[in-house]
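A quick write-up on the structure given underneath.
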C-alpha cells in the first residue's frame with residue numbers, strides 16, 4: 001500500500017456534517033496505520049492503527065460530530081477542555097498520512 005497524504009481536511013470535517021470522505025474510498029476495505037502531523041512544524045500529534053475496522057471507518061470517527069471519536073480526538077478535547085468546533089478548527093491545521 002502506498003502512502004496517501006490528505007493535506008486539506010476542510011471537506012472532511014465540516015460543521016454541518018456534510019463531510020466528504022471520498023479521499024478514503026481507495027482504502028475502504030484496508031487496515032493499517034495513520035498519522036496526524038502538523039502542516040507547518042511537522043510535529044507528529046498521533047499515530048493510530050486500524051486493525052478491527054477499515055481505515056476509512058476508523059478515521060471517520062475523528063471527523064464526525066455525532067460520533068464519540070477516536071483516542072486522539074478524545075484526548076485533545078479533554079486536555080484542552082474544548083468542544084467539537086474547537087477540535088474541528090485544530091484538525092484542519094494538520095496533515096493526515098495513510
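The values are calculated or read from the model by the stated rules, or taken from the named source; none is laboratory data. If you're wondering where the values come from, they're calculated on a predicted model, not measured in any experiment. Here the Cβ is made from the backbone with ideal geometry for all residues, glycine too, and neighbour counts use every protein chain on show.
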Out of (1) buried (at least 17 other Cβ atoms within 10 Å of the Cβ); (2) touching a strand residue (DSSP E or B) at 6+ places or on another chain (Cβ under 8 Å), what's the single condition that is false for residue 87? (2)
By residue number, the members of the range 12-32 that are in contact with a helix residue (DSSP H, G or I) (Cβ under 9 Å, 6 or more places away or on another chain) and surrounded by 14 or more Cβ atoms within 10 Å (Cβ to Cβ) are 12, 13, 14, 19, 21, 24, 27, 31, 32
When the range 46-72 is checked residue by residue, the ones that are under 18 Å from residue 9 (Cα atoms), touching a helix residue (DSSP H, G or I) at 6+ places or on another chain (Cβ under 7 Å) and at pLDDT below 90 are 55, 56, 59, 62, 65, 67, 69, 70, 72
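Filtering the range 1-10 down to residues that are in contact with a helix residue (DSSP H, G or I) (Cβ under 8 Å, 6 or more places away or on another chain) and closer than 15 Å to residue 92 by Cβ, which residue is surrounded by the most Cβ atoms within 10 Å (Cβ to Cβ)? Quick ask: steps written out before the conclusion?
So the first thing to find is which residues in the range 1-10 are in contact with a helix residue (DSSP H, G or I) (Cβ under 8 Å, 6 or more places away or on another chain), and the list is 1, 4, 6, 9.
Subset that is closer than 15 Å to residue 92 by Cβ: 6, 9.
Numbers: 6: 16, 9: 21.
Looking at residues that are in contact with a helix residue (DSSP H, G or I) (Cβ under 8 Å, 6 or more places away or on another chain) and closer than 15 Å to residue 92 by Cβ, I get 9.
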When residue 77 is evaluated against the numbered criteria (1) outside any loop (DSSP other than H, G, I, E, B); (2) surrounded by 12 or more Cβ atoms within 10 Å (Cβ to Cβ); (3) in contact (Cβ under 8 Å) with a residue 12 or more places away in the chain, which criterion, by number, is the only one it fails? (3)
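Quick one: how many residues across the range 39-68 are surrounded by 14 or more Cβ atoms within 10 Å (Cβ to Cβ) and free of Cβ contacts under 8 Å to residues at least 12 places away in the same chain? Write out each step before concluding.
Our first condition is that a residue be surrounded by 14 or more Cβ atoms within 10 Å (Cβ to Cβ); within the range 39-68, this holds for 45-46, 48, 50, 54-65.
Filter again for free of Cβ contacts under 8 Å to residues at least 12 places away in the same chain, leaving 57.
Selection size over the range 39-68: 1.
Please determine, by comparing only the residues of the range 80-98 that are in contact with a helix residue (DSSP H, G or I) (Cβ under 9 Å, 6 or more places away or on another chain) and touching a residue at least 40 places away in the same chain (Cβ under 8 Å), which one is farthest from residue 24 (Cα to Cα). Give the derivation first.
So the first thing to find is which residues in the range 80-98 are in contact with a helix residue (DSSP H, G or I) (Cβ under 9 Å, 6 or more places away or on another chain), and the list is 80, 82-84, 86-88, 90-91, 96, 98.
So of that shortlist, the ones also touching a residue at least 40 places away in the same chain (Cβ under 8 Å) come out as 88, 91, 96, 98.
Working: 88: 18, 91: 17, 96: 11, 98: 9 Å.
Selected residue: 88.
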